[in-house]
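The values are calculated or read from the model by the stated rules, or taken from the named source; none is laboratory data. Everything quoted here is computed from the prediction, not taken from an experiment. Note that we place each Cβ from the backbone using ideal geometry, even for glycine, and neighbour counts take in every protein chain shown. Surface areas here come from the heavy atoms of the whole protein model, side chains and all, with no ligands, DNA or RNA. Shrake-Rupley method; radii C 1.70, N 1.55, O 1.52, S 1.80 Å.
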Amino acid sequence: MSLTIRTGTIIGAFVMALNAGAAMAAGEAERPHAPQEGWSFSGIFGHYEETTLQRGFLVYESVCAGCHALEYVAFRNLADPGGPGFTLDQVRAIAANYRVPAGPDEFGDTLDENGLPFVRPAIPANYFPSPYDNEQQARARNWGALPPDLSLITKARVNGANYLYSLLTGYEDAPEYVEMGENMNYNPFFPGQQIAMVQPLYEGSVEYPDGTEATVEQMAYDVTNFLMWTAEPKLEKRKRMGFQVMAFLFVLAALLYWSYRQVWRDVDH
Amino acid sequence: MAHESTYQPKSGFERWLDARLPVMRLMHDSFSAFPTPKNLNYWWTFGGILTFCLVVQIVTGITLAMHYTSDASIAFGSVEHIMRDVNFGWLIRYIHAVGSSMFFLAVYIHIFRGLYYGSYKEPRELLWMLGVIIFILMMATAFLGYVLPWGQMSFWAATVITNIFTAIPVIGTPIQEWLVGGFAVGNPTLTRFFSLHYLLPFVIFGVVLLHVWALHVTGNNNPAGIEVKGPQDTIPFNPYYTVKDAFALVLFLLVYMAFVFYAPNALGHPDNYIPADPLVTPAHIVPEWYLLPYYAILRSITFDIGIPFTDIVLIEAKLLGVIALAASIIVLFLLPWLDTSKVKSLRYRPMMKPFFFLFIVVCVGLGWVGAESPDKVLIQIGEDQYRAEYVVEGEPVAQVFPTADDRDAFIEMLNEDVEASAVDALAFRFQMVHLGLILTVAYFAHFLLVLPIVGVIETPRSRPASIEEAVLKGAKPAPAPAE
Ligand code: HEM
């Protein structure tokens, strides 16, 4: 009989306290990792880069939007400070590419002559419309799986940005010993390793107008930045204000400590 | 000690007011002239910090309530509306959400301060018990609040916690259905939880007033645990403790604001950014960190109590867990009478002191157990062995397989005339739930065994005669006490 004390598990628990969700036992997923260049939005002075967000938006619009909604983001947000920095004219043009429900018309009709609901081009005040009419349709078009809304995805997963980046760049051929489900794709970063989403990004899936080379890593990096922004649109403002607040509090603490010493100077305590 | 009023109305208006409604006198006597032991350390600043936290939660909460909608179909969206469209909504929400964690951090420090310095002992039993009531109300309020954003954790925590009531025989299920307003958590649950989440903080406010009133009758305890003997032991609250409390509050704010601005979601659960879905159960349902030790106690009892050697079950495991959970808080009410030592401060209780630190370890350990899956294996001795044992030509043979299925398949394959028996030799596994049970026992042992017994058998260290003497001994070595 052998004594196997699972020290790994015990140490693991401590690591997990710092970095929740790290899975390290054999057979479990690899750990999500950041891209080599790191994230511009992490750290005390974290911020977004407009060009990156614009490229990320392009990736979302030309690839992900076919399957994923962005329910909580309005077109107007694309022109908000601390965001991708599109001009209002650009935003109008982007919105006009989408159709949103319209009507009733002045006669109270809600259907056109073909019996289809009225639609109109979107305006900046509209929210990104879902690519599906309802959940059933979404599932029917995706082998029974439901593509989640992406507005909050980077906050809705442990270690979200790293996870998303790793997921998008992590597709590989299934190892021989893995029995794949029907219409499933192997991705070591997805819980269970089998995901219904086909690999969405391939070399050159989009063509960047600024000439950046559209490698899988580059597109994953850009779209993750974009989806971080959709989840935390006030991040830049928050971190900037945080610095001012912390600086103020440090000075206040110093002044109060000095006052405290003054007030108590003649008291034994 | 309650003290004589020293209020002197300074203007005609103040005299006029004082003769009709002496609020200025009350404020002056309670928060300005109030004689306070001069040896209070920083652990005593958390009372003020807690009051601040309550006010912050109420102010931010009322602002959130102006923009929040407690309808299950749009509650999640209304929180996102706050985060994205309301001016500084993100800031208000993060202050409120992080604030609840900070509130609990402060209250835990405040409670352990009381445990260490014996602040629950005569004459402060009621003061302590009012504190325990505030703590219970805080847990209820935070739980209700956590449900409001109507994310996955909101929904499933509400489901798990209200399910606790079904463990009570006969009336349990009706109570649970009455609480959630239906057979399952849904819109009626959300609307009533919002209503109650709005109400309870004001109830807390009322109990806080009683708590402070009781404090002002008995006066503060202090690190020496010796009652105030006279004016030489005290100083007026203002300016001495106002400035010290203000300094400590700003240090606390530095930690609080670091979370708000740089890691606002670190203390929450990512699943709560997924809208509630009754059809999808999250892999791990966990409450917020501050409720984890109690969650561990609830889940660590997995055996029924019955009459030995019969199948008769008297108390089912689930109910036993609920009883343990309730008892773990009720025992706090009894603490003033469970501790048999007359000495308050652990500074002078050499035997009790290590138990106090052990108790902290037990509570943190319970928190860890609460966060993990109960089946998680911590220590395993040996490997699982699935054996097929049979006799070939008079010789006993045992064959070992890695899984039961392999073994069974093998037995199937054997010739029919061979009598094979399946023997499982499972490895010894020490799991989270076992650690949880040990820690739960330790938690109760601290109150029910350690505190009563140590108080009787311990020889306390010699104590200074007064606060004044304790202070002088601490400050400079020589001079003889004034009296
Ligand atoms: C004892 C004081 C209080 C505590 C401990 C507390 C705790 C909480 C918690 C833990 C949440 C969930 C935070 C999240 O993840 O978003 C929450 C949400 C909320 N609370 Fe409170 N709260 C308190 C007082 C109040 C008061 C006085 C109000 C006033 C009506 C209020 C209104 C709200 C609202 C509208 C939400 C939902 C919005 C949101 O989720 O951010 N709270 N509360």
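Output yes when any residue across region A:187-199 is open to solvent by 80 Å² or more (accessible area, probe 1.4 Å) and within 14 Å of another protein chain (Cβ to nearest Cβ), and no when none is. Among the residues of region A:187-199, at least one is open to solvent by 80 Å² or more (accessible area, probe 1.4 Å) and within 14 Å of another protein chain (Cβ to nearest Cβ), which makes the answer yes.
Do we find that B:TRP90 is within 11 Å of the ligand (Cβ to nearest atom) and on the phi > 0 side of the Ramachandran plot in this structure? No. B:PRO287 fulfils the conditions (1) open to solvent by less than 30 Å² (accessible area, probe 1.4 Å); (2) within 14 Å of chain A (Cβ to nearest Cβ); (3) within 16 Å of the ligand (Cβ to nearest atom) except for a single criterion, (2). Of everything in region B:58-78 that is within 18 Å of B:VAL98 (Cβ to Cβ) and out of contact with any helix residue (DSSP H, G or I) (no Cβ under 7 Å at 6 or more places or on another chain), the residue that is farthest from the ligand (Cβ to nearest atom) is B:VAL59. Checked against (1) within 14 Å of another protein chain (Cβ to nearest Cβ); (2) within 30 Å of B:ASN265 (Cα to Cα); (3) of a type in the set (Phe, Trp, Tyr), A:TYR257 passes all but a single condition, namely (2). The set of residues in region A:157-180 that are free of Cβ contacts under 8 Å to residues at least 12 places away in the same chain and within 12 Å of chain B (Cβ to nearest Cβ) contains only A:ARG157. Within region A:244-253, the set of residues being open to solvent by 60 Å² or more (accessible area, probe 1.4 Å) and more than 8 Å from chain B (Cβ to nearest Cβ) comprises A:GLN244, A:PHE248, A:VAL251. Residue count for region B:299-318 under the criterion of being open to solvent by 30 Å² or more (accessible area, probe 1.4 Å) and part of a helix (DSSP H, G or I): the result is 2. Of the helices (runs of 4 or more DSSP H) lying entirely inside region B:378-483, those containing at least 3 residues that are away from every other protein chain (no Cβ under 12 Å) and open to solvent by less than 40 Å² (accessible area, probe 1.4 Å) are B:404-413, B:432-445, B:451-457. Scanning for something closer than 24 Å to A:TYR260 by Cβ and either assigned to a loop (DSSP other than H, G, I, E, B) or modelled with pLDDT of 95 or more (or both), does region B:10-26 turn up at least one residue? For region B:10-26, residues closer than 24 Å to A:TYR260 by Cβ and either assigned to a loop (DSSP other than H, G, I, E, B) or modelled with pLDDT of 95 or more (or both): absent. Residues that are of a type in the set (Gly, Ala, Ser) and either open to solvent by 10 Å² or more (accessible area, probe 1.4 Å) or within 16 Å of the ligand (Cβ to nearest atom) (or both) within region B:110-159 comprise B:SER119, B:GLY131, B:ALA140, B:ALA142, B:GLY145, B:GLY151, B:SER154, B:ALA157, B:ALA158, listed in sequence order.
Looking only at residues that are open to solvent by less than 30 Å² (accessible area, probe 1.4 Å) and out of contact with any Gly (no Cβ under 7 Å at 6 or more places or on another chain) in region B:45-57, which one is farthest from the ligand (Cβ to nearest atom)? That would be B:THR45. Under the condition of being open to solvent by 30 Å² or more (accessible area, probe 1.4 Å), within 30 Å of B:PRO123 (Cα to Cα) and among the charged types (D, E, K, R), the residues counted in region B:1-44 number 2. Filtered by the rule that a residue be open to solvent by 10 Å² or more (accessible area, probe 1.4 Å) and either of a type in the set (Gly, Ala, Ser) or within 19 Å of B:ILE136 (Cβ to Cβ) (or both), region B:86-106 gives B:ALA97, B:SER100, B:PHE103, B:LEU105. Applying the selection to region B:63-95, what residues are away from chain A (no Cβ under 14 Å) and without any contact (Cβ under 8 Å) to a residue 40 or more places away in the chain? Correct list: B:THR63, B:LEU64, B:MET66, B:HIS67, B:THR69.
Residue-wise test of (1) surrounded by fewer than 20 Cβ atoms within 10 Å (Cβ to Cβ); (2) within 12 Å of A:PRO124 (Cβ to Cβ); (3) modelled with pLDDT under 95; (4) out of contact with any helix residue (DSSP H, G or I) (no Cβ under 6 Å at 6 or more places or on another chain).
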residue	(1), (2), (3), (4)
A:THR52	no, no, no, no
A:GLU61	yes, no, no, yes
A:PHE75	no, yes, no, no
A:LEU88	yes, yes, no, no
A:ALA95	no, yes, no, no
A:ARG99	yes, no, yes, yes
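The set of residues in region A:146-170 being open to solvent by 30 Å² or more (accessible area, probe 1.4 Å) and in contact with a strand residue (DSSP E or B) (Cβ under 9 Å, 6 or more places away or on another chain) consists of A:ASP149 alone. Does B:LEU249 qualify as being away from chain A (no Cβ under 14 Å), closer than 21 Å to B:GLY131 by Cα and surrounded by 18 or more Cβ atoms within 10 Å (Cβ to Cβ)? The answer is no for B:LEU249. Looking at B:GLY268, B:GLY230, just one residue is more than 16 Å from the ligand (Cβ to nearest atom) and open to solvent by less than 50 Å² (accessible area, probe 1.4 Å), and that residue is B:GLY230. Any chance region B:182-199 includes a residue that's within 27 Å of B:PHE252 (Cβ to Cβ), part of a helix (DSSP H, G or I), open to solvent by less than 40 Å² (accessible area, probe 1.4 Å) and in contact (Cβ under 8 Å) with a residue 12 or more places away in the chain? Within region B:182-199, one or more residues are within 27 Å of B:PHE252 (Cβ to Cβ), part of a helix (DSSP H, G or I), open to solvent by less than 40 Å² (accessible area, probe 1.4 Å) and in contact (Cβ under 8 Å) with a residue 12 or more places away in the chain. Give the residue that is surrounded by the fewest Cβ atoms within 10 Å (Cβ to Cβ), with candidates limited to residues of region B:254-265 that are at the interface with chain A (Cβ under 9 Å from one of its Cβ atoms) and in a loop (DSSP other than H, G, I, E, B). Checked region B:254-265; the qualifying residue surrounded by the fewest Cβ atoms within 10 Å (Cβ to Cβ) is B:ASN265.
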